[in-house]
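The values are calculated or read from the model by the stated rules, or taken from the named source; none is laboratory data. Remember, predicted model here, so these are calculated numbers, not experimental data. Glycine gets a Cβ as well: all are built from the backbone with ideal geometry, and neighbour counts include every protein chain shown.
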């Protein structure tokens, strides 16, 4: 193991963990320096698999995965102290949390060249992986899995393909994608059904969508060429994204309240989504006002 | 860039503590930590169809969805996996954690399609016990 990267005293922990963990930088494309945090398995590090985890965005940090999702250390709300996550994935695996691409989290490029794309990112991640196994050669023969979430639905398969086609000796066995983007069109079109069957849109709008976007057996929503249909689709997605629902978890409160949804600092994904739907008319016709306008007019709770 | 509705104040404060940056060997050049950065990013792939077709020739796959998420909803990923026309091994059926139904699973040759009931976008955060059971079964190649 690359001893200089070992974390020997993590602030905020009452007692340091029994497993080893390392944090530092991996070389990637050009001058990019990608930050990684590697936690060994609590079980049997020498024989347990190595799992790479990547959060999505694009542009979001895998430290969120470490400190509030699957990692062993979770941050308390005081922003100072940590508690151990009893359901950490390093109960059964050695886990690498990689912050990619450069510009995300602690990862950086000295000359601040941050413009990138899907293919540059997958190449950078592939090079970072080889840099990791140079630092930790003892893990080169462990079974290896690539995992990720959200826009990781692009990161994971594209990196897996590079491993499949490349000549680095990585004992890759599989990949896992959680709530990942697999296809932009089906992601949006399916959301129309999701919205209706979860009661987010009413029968009028649903019937309108069926009338204007479907031919009785098949529906085309976001790729439709019918402006009437597209107007209703925008109305539907407007309700999902813009009236204060927690888009990431329908039944959870929206932290910071509905106003945070209107925040100009939209995630890149939402920004992209709006671009994906850029061909839609920006305003639905008057009689299909968004829920927020309806709610503001009536006392309906 | 901060995603709406998500509380990242604790994590952001912690990762910007000087003692934490020192303990994690963070470079001076690295800017203050934020959960998301608005990078100039170009999306190339509108679909992962061809990529999945290639990697599933060699690797096992797990595609899972918390079923209350609307950013990447479970129906869309289900449609995508069905479009791959993989050979189906089992019908869609509930899977459990203890006696509780934790979601649904459909097994194909080389890929498992799983939902995690009641979870949103961040499954390991919202359903940690179920997430650990799911990934353990997958890593150990158990049903």
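Among the residues of the range B:111-139, count how many are under 21 Å from residue B:5 (Cα atoms) and either facing chain A (nearest Cβ under 7 Å) or surrounded by 21 or more Cβ atoms within 10 Å (Cβ to Cβ) (or both).
11
Per this entry, residue B:77 is counted among residues that are part of a helix (DSSP H, G or I), modelled with pLDDT of 95 or more, surrounded by 21 or more Cβ atoms within 10 Å (Cβ to Cβ) and within 22 Å of the chain's Cα centre (by Cα).
Scanning for something in contact with a strand residue (DSSP E or B) (Cβ under 8 Å, 6 or more places away or on another chain) and on the phi > 0 side of the Ramachandran plot, does the range A:249-259 turn up at least one residue? Checked against the condition, which is being in contact with a strand residue (DSSP E or B) (Cβ under 8 Å, 6 or more places away or on another chain) and on the phi > 0 side of the Ramachandran plot, the range A:249-259 yields at least one hit. If the condition is being over 15 Å from residue A:79 (Cα atoms), facing chain A (nearest Cβ under 7 Å) and outside any helix (DSSP H, G or I), then the range B:7-30 contributes B:24, B:25, B:26, B:27, B:29, B:30. Among the residues of the range B:50-74, those that are within 7 Å of chain A (Cβ to nearest Cβ) and surrounded by fewer than 18 Cβ atoms within 10 Å (Cβ to Cβ) comprise B:54, B:58.
Residue A:272 falls short of the stated requirement of being surrounded by fewer than 15 Cβ atoms within 10 Å (Cβ to Cβ), modelled with pLDDT under 90 and within 14 Å of another protein chain (Cβ to nearest Cβ). Scanning the range A:119-133 for residues that are within 18 Å of the chain's Cα centre (by Cα) and more than 15 Å from residue A:99 (Cα to Cα) turns up just one, A:119.
Set side by side, the residues B:97, B:113, B:84 differ, and just one is touching a residue at least 12 places away in the same chain (Cβ under 8 Å), within 18 Å of the chain's Cα centre (by Cα) and farther than 19 Å from residue A:252 by Cβ, which is B:113. Among the residues of the range A:73-98, the ones that are more than 9 Å from chain B (Cβ to nearest Cβ) and either closer than 15 Å to residue A:145 by Cα or buried (at least 24 other Cβ atoms within 10 Å of the Cβ) (or both) come to 6 in all. Residues satisfying the criterion are present in the range A:233-240 (criterion: within 22 Å of residue B:70 (Cβ to Cβ), assigned to a helix (DSSP H, G or I), facing chain B (nearest Cβ under 8 Å) and within 22 Å of the chain's Cα centre (by Cα)). Residues in the range A:41-61 that are in a loop (DSSP other than H, G, I, E, B), touching a residue at least 60 places away in the same chain (Cβ under 8 Å) and under 22 Å from the mean Cα position of the chain (by Cα): A:55, A:56, A:57, A:58, A:59.
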